[in-house]
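Engineer: Please see the structure below; I have some questions.
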Amino acid sequence: MEIEVTPLDPTVNCLRLQGRLDAVAVDRIEVKVNASAVAPGHDLLVDLSAVDFVASLGIRLLITAARSLKAKGARMVLFGAQPLVGEVLEHVAIDQIVPVVADETAARALLAAA
Amino acid sequence: MPPRDTSLPGLPPGPPALSLTLRCELASFEIAQRALQGLLAPHEPSARASFGLDVVLEELLMNQILHAHPSVVEPASVTVQAWVAGDALVMRLADRGIAFDPLSRPAPVMPASLDEARPGGLGIHLLKRYARDLAYERAGDENRLTVTLALR
């Protein structure tokens with residue numbers, strides 16, 4: 001699993017994940033995600049378009065990061081999930097607690113509108 | 001609907017097509033995944049079935065690593081037998097960890113907000129969603145869980 005955090009503007013970062021977000025990957029990237037992507041005052045868009053697998057530990061990582069962001073006054077939006085990954089997100093109803101949208105444009109629009 | 005099956009499917013007529021003894025540690029994921037996907041490949045599973053196998057495998061092994069053997073210092077082990085029966089993959093896991101029937105766990109209550117969300121508790125839920133049937137029995141000091149997955 002590759003991860004990259006890039007600033008989109010002064011108040012929004014984008015976390016791009018690539019590969020399998022499985023238990024092995026979570027073990028390897030969890031600290032890095034929380035250290036680099038969870039920044040005070042910076043909302044976070046999470047690009048899932050290159051993620052081809054996720055299960056409960058990957059979901060846990062996303063929820064933990066979303067909670068940390070909220071505690072720092074920031075928000076998370078997930079976008080771009082492939083169909084099978086999107087199915088897992090639906091099974092755990094993550095959209096009830098973290099916005100899930102189709103693409104980056106929709107994610108940025110959602111932040112701008114809120 | 002979550003799968004419910006109280007009876008254990010029978011073993012295949014011959015030896016199982018695949019039999020693995022795995023240490024309960026993260027490194028076992030790749031070993032198990034390669035072996036089981038290799039068993040499945042000639043049967044041309046759908047992309048969803050292949051994905052579902054990986055989900056189920058991860059949830060089962062994480063349960064072994066995190067919960068099944070709380071008093072064991074060295075990594076414990078779990079035996080996995082698998083075979084294809086008609087349009088399904090059957091996996092039978094056996095371990096000598098604490099008694100644990102995943103079918104007895106209630107469905108999680110999905111949080112209404114981030115404040116209510118608590119990490120964890122989703123693994124069994126996903127296991128039930130992706131398995132076609134699940135059957136559990138405690139035989140002596142052994143947990144036996146049989147998971148059936150549709151190939152398509």
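Every read-out reported here was derived from the displayed coordinates using simple, explicitly stated rules and does not represent laboratory data. Remember, predicted model here, so these are calculated numbers, not experimental data. Virtual Cβ from ideal backbone geometry, glycine too; neighbours counted across all protein chains shown.
Engineer: Any chance you could get the radius of gyration and Dmax over the Cα atoms of chain B, in Å?
Structural biologist: 15.4, 52
Engineer: Using 16 Å as the cut-off for backbone N distance, which residues of segment A:35-65 belong to the label zone defined by a point 7 Å from the Cα of B:Arg105 along Cα→Cβ?
Structural biologist: Flagged as within label range: A:55-61.
Engineer: With a Cα-only, solvent-free Debye model of chain A, what are the log10 I(q)/I(0) values at q = 0.14, 0.19 Å⁻¹?
Structural biologist: -0.48, -0.95
Engineer: What's the center-to-center distance, using Cα atoms, between segment A:4-54 and segment B:88-152 in Å?
Structural biologist: 28
Engineer: So how do B:Glu142, A:Glu2 line up by other beta-carbon neighbours within 10 Å, fewest first?
Structural biologist: Least to most surrounded, the residues fall as A:Glu2, B:Glu142.
Engineer: Need one value for B:116-124: mean number of C-beta atoms belonging to other chains within 10 Å of its residues' C-beta atoms.
Structural biologist: Mean shielding by partner chains, rounded to a whole number: 6.
Engineer: Classify segment B:82-152 as rounded, prolate or oblate, taking a ≥ b ≥ c as the square roots of the eigenvalues of its Cα gyration tensor: rounded when a/c is under 1.5, otherwise prolate if a/b is larger than b/c and oblate if not.
Structural biologist: oblate
Engineer: For segment B:72-112, take every pair of Cα atoms, bin their distances at 10 Å starting from 0, and report each bin as a whole percent.
Structural biologist: 20, 32, 32, 16, 1
Engineer: Using a 10 Å cut-off on Cβ atoms, rank the peptides B:129-136, B:22-29, B:86-93, B:105-112 from the highest mean neighbour count down.
Structural biologist: Top of the packing list down: B:129-136, B:86-93, B:22-29, B:105-112.
Engineer: What is the Cα radius of gyration of the protein assembly as shown over 2.2 N^0.38 Å, N being its residue count?
Structural biologist: Ratio of Cα Rg to 2.2 N^0.38 Å: 1.06.
Engineer: Still on this structure, I have one more. So for segment B:6-152, averaging the separation of alpha carbon pairs under 8 Å that are six or more residues apart and normalising by length, what relative contact order in percent results? Mind dumping the intermediate values first?
Structural biologist: Numbers: 219 pairs, mean separation 47.2, N = 147.
Dividing the mean separation by the residue count of segment B:6-152 yields 32 percent.
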